[in-house]
């Protein structure tokens, strides 16, 4: 799967944090999965985006400002199916944890 670099603002420190994530194209933006390998806790980048939804993604050298939002219901189900089809490991991660794995949409932003 392709990888993007997501830069978030730390919820406690206010400092930038960068993480590489697999992604799906979704409209003019991207969708990423907060699987954390099936761990019982959400990855830090999810927690950062919940406090500071403005972020930056870098794909193939191009940087884009984005606004993050968690996909809900039908959109989430569709994106989850696409993610599992692209990387079947996500299905195994879902069975390792009791938490609902977030699917985050990163829409281009003018900021």
Problem - Complete set of residues in region 61-88 that are under 13 Å from residue 27 (Cβ atoms) and in a helix (DSSP H, G or I) - result: 75, 78, 79, 82
Practice task
For residues that are in contact with a helix residue (DSSP H, G or I) (Cβ under 8 Å, 6 or more places away or on another chain) and under 14 Å from residue 31 (Cα atoms), scanning just region 91-111, find the one that is surrounded by the fewest Cβ atoms within 10 Å (Cβ to Cβ).
Solution key: 102
Handout entry: residue 72 being without any contact (Cβ under 8 Å) to a residue 60 or more places away in the chain, surrounded by fewer than 16 Cβ atoms within 10 Å (Cβ to Cβ) and more than 16 Å from residue 107 (Cβ to Cβ)
Key = no
Completion exercise
Checked region 89-111 for anything touching a strand residue (DSSP E or B) at 6+ places or on another chain (Cβ under 9 Å) and either assigned to a loop (DSSP other than H, G, I, E, B) or without any contact (Cβ under 8 Å) to a residue 12 or more places away in the chain (or both); matches are 101, 102, 109, 110, 111
Practice task
Take the residues in region 7-24 that are in contact with a helix residue (DSSP H, G or I) (Cβ under 6 Å, 6 or more places away or on another chain) and closer than 23 Å to residue 86 by Cα, then tell me which one is surrounded by the fewest Cβ atoms within 10 Å (Cβ to Cβ).
Solution key: 19
Practice task
Please give the strands (runs of 3 or more DSSP E) falling wholly within region 1-59 in which 2 or more residues are free of Cβ contacts under 8 Å to residues at least 24 places away in the same chain and on the phi < 0 side of the Ramachandran plot.
Solution key: 16-22
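FYI, it's all coordinate maths here, none of it is from the lab. A quick note: this is a predicted structure, and the numbers were derived from the prediction, not measured. Please note: Cβ atoms are built from the backbone with ideal geometry, for glycine as well, and neighbour counts cover all protein chains shown.
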